[in-house]
Amino acid sequence: MDLSRLSCRPLKGEDAEPWLELRREGVRDFPDGFLLSPAEADAMGVAQAQDLLGFGAFRGLYLDQSLIGFCAIRRLRRERLSHRAELGPFFVRQAYHGTGAADVMMREVLSVARGMAGLRQVLLSVAASNGRAQAFYNRHGFEPVAVHPGAVMIDGIAEDDVLMQYILPEASP
């Protein structure tokens, strides 16, 4: 893949329809990668998606003009938590796994995090059974810090989550 054809940018209200389509694909193909059930993903309409994307937390990964991935990074708002941000969901269409596309998006989102004044940590949760995602996050500087047993119920089955953190280079834990 020619990585120079990839770009990242904030998602806006006008991106709602392709984002909804891609999110539904992700929830369907990778149920342990999303906190939404397929029914919940299908229930969101364009107006709700426009509102959600209007907050500015989501970034899209584009191949030319086609949305092939997205992620969200949200700074925690409480004063005592404002040194932290949460990353997720993080999704790249399966056809682009192993191409470097996810690396491009991760570098972009970590650059965004470094630009947030006073931010020290980026946290994410990943299914304990998803070793490939954990290895990807680890490769980008995330380290596991805890396991949350039974964090998510998928079809009545408890799934553990691994909490991972990235410490911004200029910060100390």
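The values are calculated or read from the model by the stated rules, or taken from the named source; none is laboratory data. The structure presented is a predicted model; accordingly, all values stated were derived computationally and were not measured. Ideal geometry is used to build each Cβ from the backbone, glycine not excepted, and the neighbour counts take in all protein chains shown. Remember, those area values only see protein heavy atoms, side chains included, never the ligands or the DNA or RNA. Shrake-Rupley method; radii C 1.70, N 1.55, O 1.52, S 1.80 Å.
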How far, in nm, would the chain grow between ASN138 and ALA158 when pulled straight, counting 0.36 nm per residue and subtracting the alpha carbon separation? 4.8 nm
What nm value, rounded to one decimal, do you get for the distance between MET1 and THR99 when each label is placed 7 Å out toward the C-beta? 0.4
Scan the chain and note any complete DSSP helix (H) whose C-alpha atoms cover at least 15 Å along its axis and whose Kyte-Doolittle average is -0.5 or more. 101-114
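What FRET efficiency comes out for SER66 versus ALA151 if R0 is 22 angstrom and r is the Cβ-Cβ distance? Round to the nearest 0.05. Walk me through the numbers before you get to the answer.
Working: r = 33 Å, r/R0 = 1.49.
Once the sixth-power term is evaluated, E becomes 0.10.
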Rounded to the nearest percent, how much of the accessible area of segment 107-170 (1.4 Å probe, protein heavy atoms only) is carbon and sulfur? 51
For the chain, what does the accessible surface come to per residue with a 1.4 Å probe? Please give it in Å². 55
With only Lys, Arg, Asp and Glu charged, each at its Cβ (+1 for the first two, -1 for the last two), find how big the charge dipole of the chain is about the Cα centre; round to the nearest 20 debye. 700
Global size of the chain as Cα Rg and Dmax, reported in angstrom: 15.8, 43
Part-to-part distance (alpha-carbon centres) for segment 70-89 and segment 129-173, which is given in Å: 15
Between GLU40, GLU25, GLU159, which gets the highest mean-square fluctuation from a Gaussian network model of the chain, Cα cutoff 10 Å? GLU40
For segment 125-173, max minus min Cα coordinate along each principal axis, in Å, sorted largest first? 42, 20, 10
Gaussian network model of the chain, Cα springs within a sub-10 Å range: biggest mean-square fluctuation belongs to which of ARG93, ARG114, ARG77? ARG77
